[in-house]
Amino acid sequence: MSRTPLIAGNWKLNCSVAQAVELARSVRNRVPRDSGVDVMIAPVFTALHPVHEALGDSGRVALGAQDVYWEDEGAHTGEVSAPLLKDVGCEYVIVGHSERRARFHDTDDVVRRKAGAVLSHGLTPIVCVGETLDQREAGQTESVVLGQVDAALEGLTSKIVAGLVIAYEPVWAIGTGKVAQPEDAQAVHAAIRGRIRERFDAAAADGVRILYGGSVKPSNAEGLLSQEDIDGALVGGASLSADDFLPIVEAARS
Ligand code: PGA
């Protein structure tokens, strides 16, 4: 089955509103029409609305948020909810990024609740999973990653899982310049898809898009994206420059 590739830019804590709008415009203007690739950018919360306006309704570039809280509203100081993200034009929400798991105590249970909230408002979660260097060296990569996948997808139906996005991001490869070898990444992606086939069904496994993330750049994108079970990329550093991001989109087309 052919899955539409997704190239997602995670801008993290970068860019003022003016910088975000400029970068969004330059990405939008350079993404080819009918590219056959889904493209998403995720600026900081304060830039979501202006970036949505800048992207317009061309449908070429979708908007995403970097995190969400699971309650819709109420006394939750400092949080932002899925309906509010939808209100400013978001289609995707990243949940469970390793930086949030490590620094902000986003446990598997928190990630599951966040993914559920995103889904219940008709948005698509990008559920991040990945092992640390210690876990990889201890031979625990599969058990850690599959454990995170199991926890995040608990209670979902096969039909919902088929529309999800999972991002495999080895923690040791994020922002370090160290990228997983395409074959090693492919093996983990295949294990994730296999687990989804086993726990849900073939339709869920064939539909779910599994992105690779961690130091993806124009120079390594093609090798990664040509792997059978790698359906796109979650790009951090290289998404902050249209000159670096666009070649990665291009690599997903071929
Ligand atoms: P990186 O970040 O591309 O800068 O390694 C990826 C991510 O954290 O999503």
Starting from residues that are surrounded by fewer than 20 Cβ atoms within 10 Å (Cβ to Cβ) and among the polar types (S, T, N, Q), keep the ones in the range 1-43 and report whichever is nearest to Asp244 (Cα to Cα). Ser26
Could you grab me the full set of residues in the range 237-254 that are near the ligand (Cβ under 9 Å from one of its atoms) and crowded, with 23+ Cβ neighbours inside 10 Å? Ser239
Anything in the range 90-113 that is among the basic types (Lys, Arg) and within 16 Å of the ligand (Cβ to nearest atom)? List them, or say none. Arg100, Arg101, Arg103
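For residues that are part of a helix (DSSP H, G or I) and farther than 25 Å from Gln148 by Cα, tally how many sit in the range 84-104. Even if it seems obvious, please write down each step before you answer.
Here is the first cut: in the range 84-104, the ones part of a helix (DSSP H, G or I) are 84-87, 98-103.
So of that shortlist, the ones also farther than 25 Å from Gln148 by Cα come out as 84, 86-87.
Number of matching residues: 3.
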Spot the failing condition for Thr46; the list is (1) part of a helix (DSSP H, G or I); (2) under 20 Å from Pro247 (Cα atoms), and only one is missed. (2)
Test of understanding: among Ile174, Ile230, which residue is surrounded by 17 or more Cβ atoms within 10 Å (Cβ to Cβ), within 15 Å of the chain's Cα centre (by Cα) and more than 11 Å from the ligand (Cβ to nearest atom)? Ile230
For the subset of the range 197-227 comprising residues that are near the ligand (Cβ under 10 Å from one of its atoms) and aliphatic (A, V, I, L, M), which member is farthest from Asp38 (Cα to Cα)? Val216
Checking Ile230 against (1) assigned to a loop (DSSP other than H, G, I, E, B); (2) out of contact with any helix residue (DSSP H, G or I) (no Cβ under 7 Å at 6 or more places or on another chain); (3) of a type in the set (A, V, I, L, M, F, W, C), only one condition comes out false. Which one? (2)
Answer with yes or no whether Val127 is within 14 Å of the ligand (Cβ to nearest atom) and on the phi < 0 side of the Ramachandran plot. yes
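All of the numbers you see were taken from the coordinates with simple rules; none came from a lab. Since we're looking at a predicted model, the values are computed, not measured. Positions of Cβ are backbone-derived with ideal geometry, glycine not excepted, and every protein chain shown enters the neighbour counts.
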